[in-house]
Amino acid sequence: MVAPARRQTELVEDPLYSEVWADPALSPRDRSIATVAAVVALYRPEELPAQLRRAVDNGVTRAELGALITQIAFYAGFPAAISASAIAARTLPD
């Protein structure tokens, strides 16, 4: 029997990164924008730092991330966006 944590890790590697992120229908940059938006909107603070770093690695600027978080505030709520802004400031310092 596969341990639950190990099974979750396997699902992240395959199919998430091996198939979904590799699908050429969206660029990695576009996928990062969509993923950060979803993580902020769903208030997943434990996942946000990794996705912010991935977004920067995929070419999303810090200014664009700030604008994205502001945009999400109007649709997902200001508390989620305020928390995301604080996490982004800690994760991506100047």
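The values are calculated or read from the model by the stated rules, or taken from the named source; none is laboratory data. Every value quoted in this text rests on a predicted model; they were computed, and no experiment measured them. All Cβ positions, glycine included, derive from the backbone under ideal geometry; neighbour counts span all protein chains shown. The protein model used for the area step is the full one, side chains on, heavy atoms only, and it has no ligands, DNA or RNA in it. Shrake-Rupley method; radii C 1.70, N 1.55, O 1.52, S 1.80 Å.
Excluding the site residues themselves, the longest part of the chain lacking any chymotrypsin sites (Phe, Trp or Tyr not before Pro) in a DSSP loop with at most 16 other Cβ atoms within 10 Å is 44-94. Under the simplified labelling scheme, the GLU64-ARG29 pair shows an inter-label distance of 0.4 nm, with each label point 7 Å from Cα along Cα→Cβ. The value given for the chain is a Kirkwood hydrodynamic radius of 14.0 Å, derived from the mean inverse Cα-Cα separation.
When ligands, DNA and RNA are left out and all protein chains stay put, how many square angstrom of accessible area per residue does the stretch 27-91 have with a 1.4 Å probe?
Working: 3600 Å² over 65 residues.
Here the residues of the stretch 27-91 average 55 Å² of exposed surface.
Calculated from DSSP H runs of 4 or more alone, at -39500 (n - 2.57) each and per residue, what is the 222 nm mean residue ellipticity of the chain, nearest 500? The per-residue figure over the chain is -20000 deg cm²/dmol. The share of accessible area on the stretch 27-91 that comes from carbon and sulfur is 61 percent, using a 1.4 angstrom probe.
For the chain, calculate the relative contact order in percent as a whole number, restricting contacts to Cα pairs under 8 Å that are 6 or more residues apart.
Values: 71 pairs, mean separation 25.7, N = 94.
So the answer I get is 27 percent.
A 1.4 Å probe over all protein chains sorts VAL20, VAL60 by accessible area into VAL20, VAL60, starting with the largest.
For the chain, the residue among ALA63, ALA86, PRO24 whose Cα projects farthest onto the positive side of the dipole built from Cβ charges is ALA86. The gain in end-to-end length when the ALA22 to GLU10 segment is fully stretched comes to 2.7 nm, 0.36 nm per residue minus the alpha carbon separation. Just tell me the longest site-free run in the chain, where the sites are GluC sites (Glu not before Pro) in a DSSP loop having at most 16 other beta-carbon atoms within 10 Å. Segment 48-94 is the longest. Solvent-accessible surface (1.4 Å probe) assigned to SER18 amounts to roughly 60 Å². The label point for ARG53 and the one for ILE82, both projected 7 Å from the Cα toward the Cβ, are 2.8 nm apart.
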